[in-house]
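Below: the structure, in structure tokens.
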Amino acid sequence: MGYTIAQKIIKDHLVVGDLTPGSEIALKIDQTLTQDATGTMAYLQFEAMGIERVKTELSVAYIDHNTLQAGFENADDHRYIQTVAKKHGIRFSRPGNGICHQVHLERFSRPGKTLVGSDSHTPTAGGIGMLAMGAGGLDVAVAMGGGAYYLTMPKMIRINLTGKLPDFVGAKDVILAVLKKLTVKGGVGAIIEYGGEGVKSLSVPQRATITNMGAELGATTSIFPSDEVTLKFLKAQDRAEDFIELSADSDAKYDAEYTLDLTTLVPLAACPHSPDNVKTVSELSGLAINQVCIGSCTNSSMQDLLAVAEILKGKTIHPDVSLSVSPGSKQVYTMLAECGALADLISAGARILECACGPCIGMGFSPQSAGVSLRTFNRNFLARSGTADANVYLVSPETAAASALTGVFTNPTKLGVAPKLELPEQYLINDNMIEMPAQDGKEAKQVCVQRGPNIKPIPVGKPIDRDLKTTIALKVGDDITTDHIMPAGTKVLPYRSNVPKLSEFCFTVCDKEFPERAKRLGDSVIIGGVNYGQGSSREHAALVPSYLGVKAVVAKSFARIHIANLINFGIVPMTFVNETDYDKFAEGDGIEIVDFANAVRTKEKVTLGNTTTGQTAELKLNFTKRQRDILLVGGLLNYTKNNA
Ligand code: MIC
Ligand code: SF4
């Protein structure tokens, strides 16, 4: 039997397990990346492991999320990451160098290699044929230390692309079409592979837009073949030696296959507040807009921004619209400046922001009250923009630019004939903002790691008690995102390395009283719906509830990275055997699981009693032996220490 692309890379890196979908596997990790909002915690954890040097082929620490420095906190964290990286053998991408996924794609990604990153959009590098996965910071810390990365062997989904994209229809429209079909749960437990003759017509940055938003499908990762288009990109980045060819065997088996004819695609938009709430731009045509934001790790490549500049050239954006443009990397930014496209953007009225995540993570540029914002980003979750009642739509750069000119939703295909965009034969290579680590030995020993006062010790979990007898502190519905659990934005992000302070914001998007109530209760549980914890990889969405005393989350189902994070921080994730039992529990009810520790140790099912109403529900405990051991001792840090 033949293998899929992902199976080939997995086979080459397999340390534990086999290719049976649903079973536990562990992979050797070649590269890691961190960003600053999750990185501080990841490096604190790495330091706690007491390992001198990273054991990967390459590890890079990026600064791209917390770049609005409204106080000392973010700058302190940057300095900490810079010095800790220098000491332990990690390259440091300085603030201003760009968004981690864009820079990694340009300068470090390699077909056939494995990458874990403490950011859910790490699969961006799947666009070059890399097996790239998002994970919690602690998992990334373990990988830096040479430990394997544990995950559930995914099933394989193939999307065959046929035809060629029409003018003014972009890679964003491809992934929005996939999201419309498969939904935000459609990729859970799966790797999405793209194939078919349509692949050849997509550049590496376009492929990366598609794999980037595979995160929104809930997929473990997404991947494209590595072919002559890949080689061309690597050559243009002066990295031809990193190329290997990779494709699926003709008799590879997939668990599901879909076909998407690129020729038939039209401009699409994901409507508030979910990336799978997709309509055609024509359906929305004429709807007034207030703001347009172009950038993010999804759509900030040279190709994207050249298309935008071409549409805006010689024109002025509509008086009712405020337009931001954040180039994805210093490479993109400099090249835009050199070719004159930057001047076209500026003279059309764009407000140019630094190359960073910016508005995507609510770091400035929040829309006006009840504003309509068109963004080329990947997430439009409630309140993520920083304005609770804003309506955020996700669109392609072409739709964003066309609409910025008219002040209403505008189908870019109405603009006439698309100009021919020439992609560079050679990108501008200047890695001067990537700082190399100190040499192993004396030089590294001399590096003094600098910690600001905002960096507080990581709370350590406690072993599980014999019985679980506590109260439901919160009950939430389906598709709760990590942005609900642990919001981001300018006010909260500076505290990513200060868990006590961060806890004041936990779940406040859903319920302002939650932090106080959880503290008052001492310990508690949360009841959730389907796909609990979708979205980002931020382990703070587990670490902070754990700090607030949450012992277990009982849900209808969980998102992949979040369930791993819950286990890593000693919160027991359990699912209802019968989903309708969800209705038997309400906030404030007392609950009980007798012999809880023993159940976590050995049982596959357990009874949850509602001590307020007397009702019961059967719960599933679907854990591997290793996960059970981690939970019993109160989390992965304790587990790692105990096994050291
Ligand atoms: C996001 O897009 O939500 C983030 C911010 O990049 C997160 C990581 C974080 O919360 O720091 C992610 O996607 O993992
Ligand atoms: Fe940054 Fe937004 Fe990409 Fe997250 S999704 S890495 S916040 S640009």
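The table that follows gives values for the structure above.
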| read-out | value |
| --- | --- |
| Fraction of beta bridges assigned by DSSP in the chain that are antiparallel (%, nearest 5) | 35 percent |
| Computed lengthening from Ala70 to Gln368, 0.36 nm per intervening residue step minus Cα-Cα distance | 105.2 nm |
| Over 19 Å between alpha carbons, listed pairs Lys475/Lys603; Lys172/Lys315; Lys519/Lys551; Lys11/Lys113; Lys155/Lys620 | Lys475/Lys603; Lys172/Lys315; Lys155/Lys620 |
| Of the GluC sites (Glu not before Pro) in the range 469-532, those whose Cβ has at most 16 other Cβ within 10 Å and which sit in DSSP loop | Glu513 |
| Calculated FRET efficiency for the pair Met49/Thr263, C-beta based, R₀ 51 Å, to 0.05 | 0.50 |
| Gap separating the Cα centres of the range 389-413 and the range 514-528, nearest whole Å | 41 Å |
| Positive-end residue of Thr38, Thr280, Ile5, charge dipole of the chain with Cβ unit charges | Thr38 |
| Signed unit charges on C-beta, dipole axis of the chain, positive-most listed residue Ser23, Thr640, Ala438 | Thr640 |
| Ordering of 123-134, 397-408 by burial proxy (mean other Cβ atoms within 10 Å per residue, highest first) | 123-134, 397-408 |
| The range 353-397: equivalent-ellipsoid semi-axes (sqrt of 5 x gyration tensor eigenvalues, Cα, Å) | 15, 12, 9 |
| Acute angle (nearest 10 degrees) that the helix 397-406 long axis makes with the longest principal axis of the chain, alpha-carbon atoms | 70 degrees |
| Diffusion coefficient, µm² s⁻¹, Stokes-Einstein with Kirkwood Rh over alpha-carbon pairs of the range 563-644 at 25 °C and 0.890 mPa s | 181 µm²/s |
| Length-normalised contact order of the chain in % [C-alpha pairs under 8 Å, at least 6 apart] | 14 percent |
| Kirkwood-based Rg to Rh ratio, the range 1-120, C-alpha trace | 1.04 |
| Full-extension gain in nm, Gln439 to Asp511, via 0.36 nm per residue minus C-alpha separation | 21.0 nm |
| Ellipticity estimate at 222 nm from DSSP helix runs (n ≥ 4, -39,500 (n - 2.57)) divided over the chain, nearest 500 | -8000 deg cm²/dmol |
| Burial ordering of Arg158, Arg351, Arg560, fewest other beta-carbon atoms within 10 Å first | Arg351, Arg158, Arg560 |
| Set of the range 90-113 residues, backbone N closer than 16 Å to the point 7 Å along the Cα-Cβ line of Lys232 | none |
| Cα centroid of the range 41-56 to Cα centroid of the range 120-151, whole Å | 15 Å |
| Distant-in-sequence amide H partners of Phe558 (H built 1.01 Å from N, under 5 Å) | Asn531, Tyr532 |
| Packing rank of 564-571, 593-600, 135-142, where each peptide gets the mean count of other beta carbons within 10 Å, highest leading | 135-142, 564-571, 593-600 |
| Cα-centre dipole for the chain with unit charges at Cβ (Lys and Arg positive, Asp and Glu negative), debye to 20 | 1020 debye |
| Over 33 Å [Cα-Cα, the chain], rounded percent | 43 percent |
| Two-site FRET efficiency, Val16 against Glu587, from Cβ-Cβ distance with R₀ of 45 Å, rounded to 0.05 | 0.65 |
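No lab work stands behind these numbers, since they all come straight from the coordinates. All of these numbers come straight from a predicted model, not from anything done at the bench. Positions of Cβ are backbone-derived with ideal geometry, glycine not excepted, and every protein chain shown enters the neighbour counts.
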